[in-house]
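Comments concern the structure below.
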Amino acid sequence: RRRMSVLTRDDGGGYVLHVKGAPDVVLDLSTHMLKDGRIVPLTEADRRAILDENLRMAGEALRVLAVAYRPLSFPAGEGPDQLAELSTDEAAARLERNLVFLGLLGMIDPPRPEVKQAVAAARRAGIRTVMITGDHPATALAVARELGIVGPGGKALTGRDLDHMTDSQLIEAVQECRVFARVSPQHKLQIVRALRALGEVVAMTGDGVNDAPAVKEADIGIAMGRTGTDVTKEASAMILADDNYATIVAAVEEGRGIYDNIRKFIRYLLGCNAGEVLTMLAATLLGLPLPLIPLQILWMNLVTDGLPAIALGLDPVERDIMLQKPRRPREGVFARGLLRRILFAGLTISLTTLALFLFSLWYYPGQVERSRTLAFTVLVFAQLIYAFQCRYERHSIFELGIWGNTYLILAVLLSGAAQVLLLYTPLLSEIFQTVPLTGDDWLLVGLFSVFPLFAETSVLLLKRAVRKRLALWKV
């Protein structure tokens, strides 16, 4: 109703109705005003002056309430108890009229300092922030401008505006409008539905009971943890413990980082396993001796698929992750070329291993065990080096380096040390049928191990150059 009334009994036995609410609503119910200590009729000039002052205060980001009162007396035999038998509308029609206007109250609820930066970060990340409030449009616009939600020429739509729109007009309006003011719970629900009809993923925040329907309707309902009502918390998908918008943006960044790490984990494991499978398959089809024996395959999976893969799952968030557009809701985990990268990595690792294996068979005739040791070792180290490239989707390891994930560095060092230990420990060497490698052998292993990394980097740089040239052509 955009107003609230309380009936009290004064010391003299009479009654007083106290009313607070939106200035335009309270003014419509008022016929007099208190001026210089006297009750005088409320003129049209007074009404205009009060509304102008309301607009001025709202423009300063103040939340404005009007207050009024009305002395009451009940006929003999009647009293406040009889009001309980009436509906809200009937009681309001009987009591809330002929009010004496008292004045306006302006309250400031300043945004937290970090919210403006959070709104800017969300905008860079492709997230649109929309303000939906019951405040006066001028108040809402003033706050929205301060936070950077709208620019100097931004406009606000009110609940009355929405009432005169068709569904298609509303869908069109929510595409452009960033501020909705003087809205009811039904309007909030309509706005959420209109945004979802556009294919948007909608996160709706709220605290009061009136917000619960819209919070429930949204893809992600977020209730305030401190000020939120139990009803809203029950209707929400998550609860914001500190009631801070900046925390939502931080959660988006964290979520993007987790999703990226899942893709890194999958890219690494499937790329490495594809390399192993293709190596064994190609050698069999070509009629070559097997490059690996079963025990070596088991060992390789232990040292390459264990610690490095886990470390990739703990990779820090990329610095430019909040500069990327949101992914499409229906996008699969292998989208954006991930499957092609996995197959390319598997192919280059396999070709590298087979090339060294063939070279070794030619260079060390009759020494299949040495050739197999070289293929085994290069396959392990090519995968360990590949783990560093899996950290980046949009950049090369040569641009950002190997630092930034201490867990991965330690995992690669431990796995590499385990491989060296296997080669030079007589008992393990006998079990896994390997031979100690010479200095020349290690030189070959080093050269061949980095080939998959250089191949993928070259493709990445080539694609970037092509996109740049195409962009120049469009211009």
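The values are calculated or read from the model by the stated rules, or taken from the named source; none is laboratory data. Computed from a prediction, not measured in an experiment: that's the story for all the values here. Cβ: placed from backbone, ideal geometry, glycine included. Neighbour counts: every protein chain shown. For the accessible areas, the whole protein counts, side chains as well, though only heavy atoms, and no ligand, DNA or RNA atoms are used. Shrake-Rupley method; radii C 1.70, N 1.55, O 1.52, S 1.80 Å.
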(request) Just name the residue that is farthest from the chain's Cα centre (by Cα) out of those in region 30-47 that are of a type in the set (D, E, K, R) and open to solvent by 70 Å² or more (accessible area, probe 1.4 Å). (result) 38
(message) Based on this model, can you work out whether residue 197 counts as closer than 30 Å to residue 60 by Cβ and either in contact with a Gly (Cβ under 6 Å, 6 or more places away or on another chain) or modelled with pLDDT of 90 or more (or both)?
(response) no
(request) Considering each of 124, 112, 70 in turn, give the residue that is more than 29 Å from the chain's Cα centre (by Cα) and of a type outside the set (Val, Ile, Thr). (result) 70
(request) Would you please list the contacts, defined by Cβ atoms under 9 Å and residues six or more apart or on different chains, that run from a residue in region 420-442 that is on the phi > 0 side of the Ramachandran plot to a residue that is of a type in the set (Ser, Thr, Tyr)? (result) 433/373
(request) Could you tell me which residue of region 281-336 is nearest to the chain's Cα centre (by Cα), considering only residues that are among the β-branched types (Val, Ile, Thr) and in a loop (DSSP other than H, G, I, E, B)? (result) 317
(message) Only one of 374, 361 is surrounded by fewer than 22 Cβ atoms within 10 Å (Cβ to Cβ), in contact (Cβ under 8 Å) with a residue 12 or more places away in the chain and touching a Ser or Thr at 6+ places or on another chain (Cβ under 6 Å). Can you tell me which?
(response) 361
(request) Filter region 93-103 down to residues that are surrounded by 13 or more Cβ atoms within 10 Å (Cβ to Cβ) and at pLDDT below 85, then give me how many there are. (result) 0
(message) Here is a list: 155, 233, 188. Which entry is under 24 Å from residue 139 (Cα atoms) and within 22 Å of the chain's Cα centre (by Cα)?
(response) 188
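Results for (1) at pLDDT 90 or above; (2) of a type in the set (Gly, Ala, Ser); (3) touching a strand residue (DSSP E or B) at 6+ places or on another chain (Cβ under 9 Å), shown as yes or no for each residue.
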residue	(1), (2), (3)
411	yes, yes, no
417	yes, yes, no
426	yes, no, no
429	yes, yes, no
432	yes, no, no
444	yes, no, no
463	no, no, no
474	no, no, no
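If I ask for residues that are at negative phi and surrounded by fewer than 16 Cβ atoms within 10 Å (Cβ to Cβ), which ones from region 397-408 would you list?
398, 399, 400, 402, 403, 406 - these are the residues of region 397-408 that are at negative phi and surrounded by fewer than 16 Cβ atoms within 10 Å (Cβ to Cβ).
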(request) Could you run through region 11-23 and say how many residues are over 13 Å from residue 69 (Cα atoms) and open to solvent by 50 Å² or more (accessible area, probe 1.4 Å)? (result) 2
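For (1) part of a helix (DSSP H, G or I); (2) surrounded by 15 or more Cβ atoms within 10 Å (Cβ to Cβ), each residue gets a yes or a no:
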{"residue": "28", "(1), (2)": "yes, no"}
{"residue": "49", "(1), (2)": "yes, no"}
{"residue": "53", "(1), (2)": "yes, yes"}
{"residue": "63", "(1), (2)": "no, yes"}
{"residue": "68", "(1), (2)": "no, yes"}
{"residue": "74", "(1), (2)": "no, no"}
(message) Conditions first: (1) at pLDDT below 95; (2) open to solvent by less than 40 Å² (accessible area, probe 1.4 Å); (3) not in a loop (DSSP other than H, G, I, E, B). Residue 341 passes all but one, so which condition is the exception?
(response) (2)
(message) Can you tell me which residue is surrounded by the most Cβ atoms within 10 Å (Cβ to Cβ) among those in region 104-126 that are out of contact with any helix residue (DSSP H, G or I) (no Cβ under 7 Å at 6 or more places or on another chain), at pLDDT 90 or above and outside any helix (DSSP H, G or I)?
(response) 105
